[in-house]
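The values are calculated or read from the model by the stated rules, or taken from the named source; none is laboratory data. Note that the coordinates shown come from a computational prediction; the quantities given were computed from them, not determined experimentally. FYI the Cβ positions are ideal-geometry reconstructions off the backbone, even for glycines, and counts take in every protein chain you see. Heavy atoms of the whole protein, side chains included, go into the accessibility calculation; ligands, DNA and RNA do not. Shrake-Rupley method; radii C 1.70, N 1.55, O 1.52, S 1.80 Å.
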Amino acid sequence: KEHATSGWDRQTMRRCWEFLDMTSRSFAAVIKEVEGDLARTICMFYLVLRGLDTIEDDMTIPDDVKQPILRSFHKLTVTPGWTYNDCGPKEKDRQLLVEYDKVIEEVNLLDPEYRSIILDITEKMENGMADFAHRAATAGATYIDKIEDYDLYCHYVAGLVGEGLSRLFSASKKEVSWLGTQLEISNSMGLLLQKTNIIRDYREDCDDKRYFWPKEIWGRKEYGFQEMKDMYAPGAQQRAQWVQSEMILDALRHSTDALDYLRLLKNQSVFAFCAIPVTMAIATLDLCFMNPAMFQRNIKIRKAEAASLIMRSTNPRDVADIFRQNCRSIHAKAVPEDPNFLRISVACGKVEQWC
Ligand code: PS7
Ligand code: MN
Ligand code: MN
Ligand code: MN
Ligand code: MN
Ligand code: MN
C-alpha cells in the first residue's frame with residue numbers, strides 16, 4: 001500500500017523524490033517518514049515552492065521578466081510541458097526548473113483536494129514574493145523597513161507554508177478537521193523557522209545584497225548603524241551583539257505558539273515532521289545568541305546535537321523540555337548591559353513557564 005501511494009512505480013515520481021534529495025538539506029528525511037500518500041503530497045508541495053523560491057532568489061532575472069513568471073507560477077505549475085531554462089548558473093536548484101515538466105505531471109496526478117490547497121498557497125506566496133521582489137528591484141537591494149514588513153515577508157514565504165501544511169494534514173484526516181483553520185499558530189510555525197533562517201544566514205544574505213533584517217531593529221539610534229552590512233566590521237562587535245539579541249528576541253515571540261501548535265497534533269509521523277525543524281530552530285537561536293561568529297560565517301549546530309534533537313522530537317513533553325533548556329541557556333548568556341536584557345528575561349521566562 002505504502003508503495004502504491006508513494007509513486008515508486010512511476011518514472012516521473014522517482015525523479016521527484018530525487019529532486020527532493022537534491023534540493024532540501026533538512027526536509028527530505030522528515031518528509032519521507034510521513035505516512036502514506038501524505039509524504040508524496042508534501043514532497044510535491046515542497047518541490048513547487050522550491051521552484052518558486054529559485055525564481056525569487058535569482059538576481060540575474062530582470063524584474064520585468066521575473067514579475068509575470070512569479071505571478072503566474074500557480075498556473076505554470078499545472079501547464080503540461082512547461083520548463084524554465086533561464087536561471088543563472090549560480091542557482092543551486094536550477095535543474096529542478098529545467099525538468100519542471102516532471103513536477104507538473106505529478107502535481108496533476110494529486111488528489112484534487114490536495115492539489116487545490118497547494119495551488120492556492122502557491123498563488124498567495126508568488127504574489128507576495130513578487131511585491132517584495134519589485135520593491136527590491138526598484139531600490140537596488142532587498143530592504144525591509146518596519147518589523148511589520150518583516151512579519152509580512154515571512155508570512156508570504158513561510159507562514160503560508162504552515163497554513164498549507166495544516167490544511168493538507170486536515171484533508172488527509174490524519175489530523176483534526178479544524179487544524180487547517182488555525183491560521184495564527186500555523187503562521188507562527190513558519191515565522192519561527194524563517195526568522196531563524198534569516199538570523200543565521202546574516203552574512204551569506206548580506207554578501208548577496210539580501211537585507212532581510214528590518215531597519216526598525218538594526219537602525220535604532222542607540223545601536224548606531226547606518227547600513228546592515230556595517231555590523232560585521234571590526235569595531236562593531238558589541239553593538240552588533242545587541243542587534244542580534246533583539247532579532248532573536250523577536251523570533252522567540254513565536255515560540256509559545258509553536259508549542260501550542262505541536263500539542264494539537266495526533267499523528268506520530270506528522271508530529272515528527274513538524275517538531276524536528278522547530279527544535280532545530282530553537283537550538284539554532286541558542287547557538288546564535290551572543291555568538292559573534294554568526295556575523296562572520298555560516299554557523300550550524302553540531303551533528304551530534306542534531307541527532308539528539310531528532311530523537312527527542314517525538315512528543316510534546318520532550319519538545320517543551322528542549323524549548324525550556326534552550327531558553328534557560330539564552331537567559332543565562334544575557335547580560336544586563338544589553339538594552340534588550342529585561343525583555344529577553346521575560347520572553348525566556350514565558351517559555352520556561354509554558355506547560
Ligand atoms: C512544503 C515542507 C511544519 C506547520 C521551499 C516548513 C524559501 C525556512 O529565504 O531557501 O530563500 O534563504 O533557505 C516546505 C510549518 C518554501 C517553513 C521558505 C516548503 C513550517 C518556499 C519553512 C519550503 C513551515 C519559501 C528555507 C520555510 O529555504 O530560504 C515544505 C509547519 C519552501 C515551513 C522559503 C523557507 C525555507 C523556509 P531563503 P531557504
Ligand atoms: Mn527566497
Ligand atoms: Mn531560497
Ligand atoms: Mn527568502
Ligand atoms: Mn536563507
Ligand atoms: Mn538559503
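A few remarks follow.
- Average accessible surface for the chain: 45 Å² per residue, computed with a 1.4 Å probe over protein heavy atoms with every protein chain in place.
- Förster radius 22 Å - calculated FRET efficiency between Trp178 and Arg317 (Cβ-Cβ, nearest 0.05): 0.40
- On full extension, the segment bounded by Asp208 and Asp131 gains 25.8 nm, given 0.36 nm per residue less the C-alpha separation.
- Isotropic mean projected area of the C-alpha convex hull, the stretch 213-355 (nm²): 8.8
- Checking the cross-link pairs Lys66/Lys146; Lys90/Lys229; Lys124/Lys146; Lys174/Lys333; Lys266/Lys300; Lys229/Lys333 against a 29 Å limit on the alpha carbon distance flags Lys174/Lys333; Lys266/Lys300 as lying beyond it.
- Span-like helix criteria (full DSSP H runs; alpha carbon extent of at least 27 Å along the helix axis; mean Kyte-Doolittle hydropathy of at least -0.5) are satisfied in the chain by 37-57, 112-139, 268-288.
- Inter-centroid distance (Cα atoms) of the stretch 1-65 relative to the stretch 215-266, Å: 31
- Förster-model FRET efficiency, 56 Å R0, Ala29 and Lys221, C-beta, rounded to 0.05: 0.80
- For Asp208, the accessible surface of its heavy atoms amounts to roughly 80 Å² (probe 1.4 Å, protein chains only, rounded to the nearest 10).
- A simple spin-label model places pseudo-atoms 7 Å from Cα toward Cβ; at Arg297 and Thr83 they are separated by 3.9 nm.
- Calculated translational diffusion coefficient of the chain (10 °C, 1.306 mPa s; Stokes-Einstein with Kirkwood radius over alpha-carbon pairs) equals 75 µm²/s.
- Percent carbon-and-sulfur accessible area, the chain, ignoring ligands, DNA and RNA, probe 1.4 Å: 53
- Calculated [θ] (222 nm, deg cm²/dmol) that DSSP helices of n ≥ 4 give over the chain, each run adding -39,500 (n - 2.57): -20500 deg cm²/dmol
- Taking the centroid of alpha carbons for each part, the stretch 143-160 and the stretch 279-302 are 21 Å apart.
- Note on the stretch 1-149: percent of Cα-Cα distances in each 10 Å bin, starting at 0 and stopping at the bin with the largest distance, equals 11, 40, 33, 13, 3, 0.
- Solvent-accessible ranking of Lys215, Lys90, Lys174, largest area first, probe 1.4 Å: Lys90, Lys215, Lys174
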